Amino acid sequence: MTDVLERVKTYQQFINGAWVDSASGETIEVENPADGKVIAMVQASGAEDVDRAANAAEKAFETWGKTTPQERSQALLKLADAIEARADELGRLESKNAGKPVPAAIDEIPVMVDNLRFFAGAARLLEGKAANEYMAGHTSFIRREPVGVVASIAPWNYPLMMAGWKIGPALAAGNTVILKPSIRTPLTALVLAEIAAEILPPGVLNVITGTGATIGDPLVGHPKVGMVSVTGDTETGKHIARLAAEKVKRLHLELGGKAPVIVFDDADPAAVAEAIKLWGYWNAGQDCTAATRVIAGPKIYDNFVADLTSEVKSIKWGDPAEGDDIEMGSLIARAQADKVEGMVDRARGGAEITTGGHRPDRPGAYYEPTVIAGPDQKSEIVQDEVFGPVVTVQRFTDEDQAIAWANDVRFGLAASVWTADAGRGMRVAKAIQFGTVWINDHFMLVSEMPHGGFKESGYGKDQSMYAVEDYTVVKHVMLKI
Ligand code: NAD
């Protein structure tokens with residue numbers, strides 16, 4: 001072990017424009033989940049580090065909060081350019097830290113860069129809704145003020161991209177940020193800090209690394225943190241919301257999902273199966289919008305299950321280091337593979353596993369791409385988020401049942417409807433309770449359109465002007481004239 005630790009890089013954390021050790025001097029190992037090897041050490045931040053970061057962010061807000069939209073826009077554009085210039089390096093690092101295929105990890109960087117460029121433009125477009133004399137002799141107008149210090153808590157599934165979704169709108173609106181990446185995947189966020197060090201004034205973006213259990217509560221509860229934005233598990237979101245309620249803090253919650261894919265009999269089963277092979281198993285199914293829960297029409301069901309099974313059997317999975325033709329890498333950790341294995345095993349009795357269903361005997365965190373046909377609507381595998389390479393297929397009897405089953409989960413993030421009948425597509429899109437509905441596609445996101453959930457998938461929007469608005473507070477100013 002000593003030998004390994006000597007060879008891997010130890011990263012410091014980034015507070016107030018400087019690289020510093022944790023106050024305790026302790027560090028945490030970071031693994032490559034594809035082979036279980038330690039690839040880096042990061043600082044084990046504690047409450048004292050949170051306090052340093054909050055003080056730095058509050059101080060920086062005094063000037064950053066007063067910059068013009070043009071200045072913030074230019075900074076975000078520079079940040080986007082500098083990230084783009086290091087896309088290959090960042091993608092490779094992400095692949096090594098998250099176990100995802102190298103081409104897929106590299107492809108995430110332009111998406112994040114586009115998002116930052118969108119928010120650079122959005123910084124200059126924030127507007128109040130009205131200015132008028134609503135009371136005689138008084139002019140009223142609306143200002144949108146930044147909140148102040150934002151704690152941005154990011155997940156491990158798209159580490160850098162999710163960090164970008166958080167810092168883009170927060171900085172555009174004039175806030176300062178304490179970014180806490182997942183302790184499983186902190187490395188690209190630390191490179192982001194290195195890039196930002198050349199562009200943003202000290203304290204505007206701070207990156208601290210620690211476990212949610214250790215620094216989560218001090219961060220959320222810190223009196224200088226005005227808003228908490230978290231992307232993560234619904235249980236994490238509930239915990240944070242309970243804590244934030246004590247101080248009535250502003251919250252932005254992007255939580256779990258269980259996306260239904262409603263396939264009507266007039267859809268092309270082979271084409272839908274090809275799409276679900278991609279969007280159900282992308283990132284090894286560790287995606288909050290993953291096409292994980294197919295609800296198929298009575299006539300198309302058999303052909304669809306056969307087509308999907310054959311598509312999923314063809315997925316080339318393995319260690320991304322084996323080559324760029326690997327379509328699906330490892331899961332994020334062996335603990336995640338344990339979770340997936342448990343859920344599939346509990347589903348076995350009530351449904352048919354048409355492919356996969358095994359945990360390969362090899363180092364790393366793997367689970368075979370799996371299709372489960374015919375589970376009960378009330379079963380755990382249909383109701384709960386697997387966050388792994390597992391897709392279920394159920395047979396519905398009519399449109400009403402398809403809609404009822406789609407809505408009958410506690411989540412409401414994303415959904416898709418597949419049909420040749422445009423009217424039906426629109427009718428069903430209206431009837432289902434999800435923040436994004438695709439018709440005849442799945443998974444497509446654009447910087448201009450909002451992403452965020454209904455129900456236990458959270459509240460607040462990522463991307464789009466709605467996100468910038470979420471990171472501001474509305475103020476009414478009335479002038480006696
Ligand atoms: P997670 O909840 O385990 O962790 C998310 C972040 O919260 C991490 O940085 C973690 O350290 C932190 N955290 C954990 N406990 C905390 C606490 N008590 N206080 C403060 N912070 C704490 O989630 P994950 O496993 O990293 O990510 C997977 C989850 O994220 C899935 O449920 C997925 O659906 C969800 N997700 C949602 C979206 C979306 O847009 N809605 C996007 C991506 C992922």
Just one listed residue, out of Gly350, Gly356, is open to solvent by 30 Å² or more (accessible area, probe 1.4 Å) and farther than 24 Å from Gly452 by Cβ, and it is Gly350
Look at Val42 and say whether it is at negative phi, part of a strand (DSSP E or B), within 24 Å of the chain's Cα centre (by Cα) and crowded, with 21+ Cβ neighbours inside 10 Å.
yes
Would you please name the residue that is most open to solvent (accessible area, probe 1.4 Å), looking only at residues in region 309-335 that are farther than 19 Å from Ala291 by Cβ and in a helix (DSSP H, G or I)?
Arg334
Please verify whether Val305 is open to solvent by 10 Å² or more (accessible area, probe 1.4 Å), within 14 Å of Val371 (Cβ to Cβ) and more than 16 Å from the ligand (Cβ to nearest atom), treating the condition exactly as stated.
yes
Check Tyr459 against each of (1) open to solvent by less than 70 Å² (accessible area, probe 1.4 Å); (2) within 13 Å of the ligand (Cβ to nearest atom) and name the one condition it does not meet.
(1)
Subset of region 230-262 that is touching an Asp or Glu at 6+ places or on another chain (Cβ under 6 Å) and of a type in the set (S, T, N, Q) - its residue that is nearest to the ligand (Cβ to nearest atom):
Thr231
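Among Ala271, Ala296, Ala290, which is the only one that is under 24 Å from Gly425 (Cα atoms), among the aliphatic types (A, V, I, L, M), crowded, with 22+ Cβ neighbours inside 10 Å and more than 23 Å from the chain's Cα centre (by Cα)? Outline the logic, then answer.
Details: Ala271 fails: crowded, with 22+ Cβ neighbours inside 10 Å; Ala290 fails: more than 23 Å from the chain's Cα centre (by Cα).
Exactly one of Ala271, Ala296, Ala290 is under 24 Å from Gly425 (Cα atoms), among the aliphatic types (A, V, I, L, M), crowded, with 22+ Cβ neighbours inside 10 Å and more than 23 Å from the chain's Cα centre (by Cα), namely Ala296.
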Which pairs turn up if I take residues in region 27-39 that are crowded, with 18+ Cβ neighbours inside 10 Å and look for partners that are among the acidic types (Asp, Glu) and not in a strand (DSSP E or B) with beta carbon separation below 8 Å, at least 6 apart in sequence or on another chain?
Ala34/Asp319
Determine, yes or no, whether Met112 is farther than 18 Å from Ala53 by Cβ, within 16 Å of the ligand (Cβ to nearest atom) and open to solvent by 10 Å² or more (accessible area, probe 1.4 Å).
no
Is one or more of the residues making up region 331-354 acidic (Asp, Glu), more than 26 Å from the chain's Cα centre (by Cα), more than 16 Å from the ligand (Cβ to nearest atom) and within 20 Å of Lys313 (Cα to Cα)?
yes
Residue that is most open to solvent (accessible area, probe 1.4 Å) [pool: residues in region 205-229 that are of a type in the set (Val, Ile, Thr), near the ligand (Cβ under 8 Å from one of its atoms) and closer than 24 Å to Glu29 by Cβ]
Thr211
Residue by residue through region 426-456, note down the ones that are away from the ligand (no atom under 16 Å from the Cβ) and part of a loop (DSSP other than H, G, I, E, B).
Ile432, Asn440, Asp441, Glu448
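Yes or no: region 126-139 includes at least one residue that is touching a residue at least 60 places away in the same chain (Cβ under 8 Å), assigned to a helix (DSSP H, G or I) and open to solvent by 70 Å² or more (accessible area, probe 1.4 Å). Write out each step before concluding.
Residues of region 126-139 that are touching a residue at least 60 places away in the same chain (Cβ under 8 Å), as a first pass: 126, 128, 133, 135, 137-139.
Next, from what is left, pick out any that are assigned to a helix (DSSP H, G or I): none.
No, region 126-139 has no match at all.
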Filtering region 49-79 for residues that are within 12 Å of Ala172 (Cβ to Cβ), in a helix (DSSP H, G or I) and either open to solvent by less than 60 Å² (accessible area, probe 1.4 Å) or of a type in the set (Ser, Thr, Tyr) (or both) leaves a count of 7
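Here is a check on your reading of the model: is Glu194 touching a strand residue (DSSP E or B) at 6+ places or on another chain (Cβ under 6 Å) and among the acidic types (Asp, Glu)? So that I can check it myself, show each step before the final result.
Numbers: touching a strand residue (DSSP E or B) at 6+ places or on another chain (Cβ under 6 Å): no; among the acidic types (Asp, Glu): yes.
Here the answer is no, as Glu194 does not meet what is asked.
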The number of residues in region 380-397 that are open to solvent by less than 40 Å² (accessible area, probe 1.4 Å), outside any loop (DSSP other than H, G, I, E, B) and closer than 11 Å to Tyr301 by Cα is 2
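The values are calculated or read from the model by the stated rules, or taken from the named source; none is laboratory data. Here the structure is a predicted model, which means the values were calculated and not measured. So basically every Cβ, Gly included, is an ideal-geometry build from the backbone, and we count neighbours across all protein chains shown. For accessibility, only protein heavy atoms count, side chains too; no ligands or nucleic acids. Shrake-Rupley method; radii C 1.70, N 1.55, O 1.52, S 1.80 Å.
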